[in-house]
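Please read the structure below before turning to the comments.
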Amino acid sequence: MAILLDETTEVVVQGATGKEGQFRIQLEIIQRARESQAIVIGPNSIGLVSPGKAIIGVIGGRFELMQTAFRPGPCGVLSRSGGQTTTLCYYLTKAGVGQSTAIGVGGDAFVGATWSELLPLFEQDPETKMLALFGEIGTTNEEDAAALIKAGGFTRPVVAYVSGRYARPGMRFGHAGAIISRGMGTAEGKIAALREAGVHVVEHLGDIGPAARRTLDSL
């Protein structure tokens with residue numbers, strides 16, 4: 001694997017998921033990118049898209065699906081699941097809520113950019129009026145983001161869905177990072193932290209579009 005990093009590099013997307021012998025290489029990529037002041041999305045990321053402007057990676061799949069799922073608009077999207085990034089955007093678009101930028105951050109146990117590192121970028125974006133999140137069990141990603149929001153690091157409205165409520169401890173849930181370990185990383189804990197920070201967490205993923213629509217209408 002060869003990746004060119006220099007002073008002009010701003011974003012690196014790692015699409016390949018980790019496998020035996022590869023984690024050291026992925027950690028080295030993240031370290032080198034940070035030394036170059038570049039943002040790493042992934043590993044195990046589907047990529048990111050600003051509808052009508054740019055796309056990096058394989059997010060959205062076929063062109064026909066891209067046309068259906070994504071529309072330009074004021075809602076930023078962060079998702080730990082690649083496929084559910086597109087699904088979430090589809091529900092938003094169906095509810096008449098377009099997206100400013102949608103990012104699949106990657107589903108591995110470690111990623112180059114967590115939600116709490118990306119939230120300030122959405123805060124600085126004048127086109128982003130709100131945020132929609134797809135979370136899942138494992139890691140402290142959602143809890144860290146909730147702490148940032150609660151501390152005032154992100155001030156715009158947020159709606160979210162967290163999957164994995166019925167996952168048993170120790171059972172991996174789709175991604176390398178989606179596993180409850182030592183009682184940490186549960187869906188219940190993440191939902192509680194997000195709600196305490198003022199995030200509107202919906203019960204079903206299909207509810208996130210209408211929730212986002214109501215949030216925008218109230219601004």
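The values are calculated or read from the model by the stated rules, or taken from the named source; none is laboratory data. Source: prediction; values computed, not measured. A quick note on method: Cβ atoms are made from the backbone with ideal geometry, for glycine too, and the neighbour counts reach across all protein chains shown.
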(message) Give all pairs with beta carbons closer than 6 Å in which a residue from the range 188-208 that is in contact (Cβ under 8 Å) with a residue 12 or more places away in the chain meets a residue that is assigned to a helix (DSSP H, G or I) and of a type in the set (Val, Ile, Thr); count only pairs at least 6 apart in sequence or on separate chains.
(response) 197/149; 201/191; 202/208
(request) State the number of residues belonging to the range 187-219 that are more than 18 Å from the chain's Cα centre (by Cα) and among the β-branched types (Val, Ile, Thr). (result) 1
(message) Of everything in the range 21-68, what is farther than 16 Å from residue 82 by Cβ, in a strand (DSSP E or B) and without any contact (Cβ under 8 Å) to a residue 40 or more places away in the chain? Give them in sequence order.
(response) 54
(request) Name every residue in the range 50-81 that is within 11 Å of residue 13 (Cβ to Cβ) and not small (Gly, Ala, Ser), in order of residue number. (result) 55, 56, 58, 59
(request) Might you check whether a residue that is farther than 24 Å from residue 49 by Cα and modelled with pLDDT under 95 occurs anywhere in the range 195-203? (result) no
